[in-house]
Amino acid sequence: DRWQELDAELSARMPSEAVRAASRTLGSGLRRLVRVTVPDADLAALGERPHHALMLGAACALTGGTPQVAARAAALATCTAPASAAIRLLGLDPYAVHGMIAGLATEIDAIDFGGLPADSAPALDLLADVHATQEVRLFAS
């Protein structure tokens, strides 16, 4: 029941349907990975399409990670996702981009995760919903 409550709380914090759908798609993919890498893990309580953040926390816990490790992994993903998109869309040098991300390690480690959840970004929610309706979409998340 607690997993379902957390899932509902995450949904409530995501006003954009497109963002909720992307979160569940990413969470489902991570759930599939956990099924393969931790085959004895009982994931039934998470449901078939958990939000990414929920599945990330569960995956870290299942593999011996701490909440701090899960938060750092989420922060790193926040940096690597747009960097990966920039490589594909702008033709940037992947080694230079990943070098820049590696240079952010100290800043990521210095983040005070006790202040979460962070402020919202309503413009990004609106843009995500608009993007989801476009005929030519660049990315789903």
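Coordinate-derived values only; no laboratory data. Nothing here was measured: the structure is a model prediction, and the numbers come from that model. Cβ: placed from backbone, ideal geometry, glycine included. Neighbour counts: every protein chain shown.
Taking every Cα-Cα distance in region 1-86 and sorting them into 5 Å bins from zero, the calculated P(r) comes out as 3, 15, 23, 27, 21, 9, 3, 0 percent.
Taking GluC sites (Glu not before Pro) across region 1-96, the ones in a DSSP loop with at most 10 further Cβ atoms lying within 10 angstrom of their Cβ are 48. Only Lys, Arg, Asp and Glu carry charge here, each on its Cβ (+1 for the first two, -1 for the last two); on that basis the chain has a dipole of about 380 debye about its Cα centre.
Membrane-span-like helices in the chain: DSSP H runs reaching 27 Å or more (Cα, own axis), mean Kyte hydropathy at least -1.0? Helices meeting the span and hydropathy rule in the chain are 17-37, 67-90. Electrostatic bookkeeping for residue 15 treats Lys and Arg as +1 and Asp and Glu as -1; over the other residues with beta carbon under 11 Å from its beta carbon, the sum is -1. For region 1-80, relative contact order (Cα pairs under 8 Å, six or more residues apart, normalised by length) works out to 30 percent. Along the axis of the charge dipole computed for region 38-130 (Cβ charges of +1 for Lys and Arg, -1 for Asp and Glu, origin at the Cα centre), the listed residues 101, 75, 57 are led at the positive end by 101.
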